[in-house]
Amino acid sequence: NVGPRGSEEPAAKIPFAHDMAIWDMKWHPAGHLLATGSNDRQTKFWARNRPGSKQGLDFDGPGSGADGKDAEVTHAEMELGNHVGIVIGRRGATIIAMQRQTKTKMHVDQMRRVLQIEGTARQIETVKKRVGALLERVSSDGDGRQQGGGFGGW
């Protein structure tokens, strides 16, 4: 009873619904609601559609191309250089917040100094713009401090 009759495919997928591992799931006794609890300290409630209903399954809506290729999950990497800590943030706050906002999955490879991104092409483009703006801001702040007469001339 995963998807439409005769299909083993799910009726809908929600990639990256939680930022961390799901610890518990419970169905409502009537079977129409599912509650999930995760290590990201969030509890989410999921409602399923009535059999045969397509309400809420907007595959051709904003953010998805007519051919569905925009919704295809892909992988990308972005060079971070010496700014790995800035992207991760204190206790991971920056990267976790960005994952929630962009609905992507991200991982910082500290050895290679790259940000690995998993999401749709549009989501990856958004992440690259936001991280690029963050790195640009940090770089320009650093240049201003060096020219400001500190120890930059030593």
When you go through (1) crowded, with 16+ Cβ neighbours inside 10 Å; (2) closer than 19 Å to Ala133 by Cβ; (3) touching a strand residue (DSSP E or B) at 6+ places or on another chain (Cβ under 7 Å) one by one for Glu79, which number turns out not to apply? (1)
Within the range 66-113, residues β-branched (Val, Ile, Thr) and more than 16 Å from the chain's Cα centre (by Cα) come out as Val84, Ile86
Members of the range 87-128 found to be of a type in the set (Ser, Thr, Tyr), open to solvent by less than 40 Å² (accessible area, probe 1.4 Å) and modelled with pLDDT of 90 or more, listed by number: Thr120
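The values are calculated or read from the model by the stated rules, or taken from the named source; none is laboratory data. Every value quoted in this text rests on a predicted model; they were computed, and no experiment measured them. Every residue, glycine among them, receives a Cβ derived from its backbone with ideal geometry; neighbour counts consider all protein chains shown. These accessible areas exclude ligands, DNA and RNA; they are computed on the full protein's heavy atoms, side chains included. Shrake-Rupley method; radii C 1.70, N 1.55, O 1.52, S 1.80 Å.
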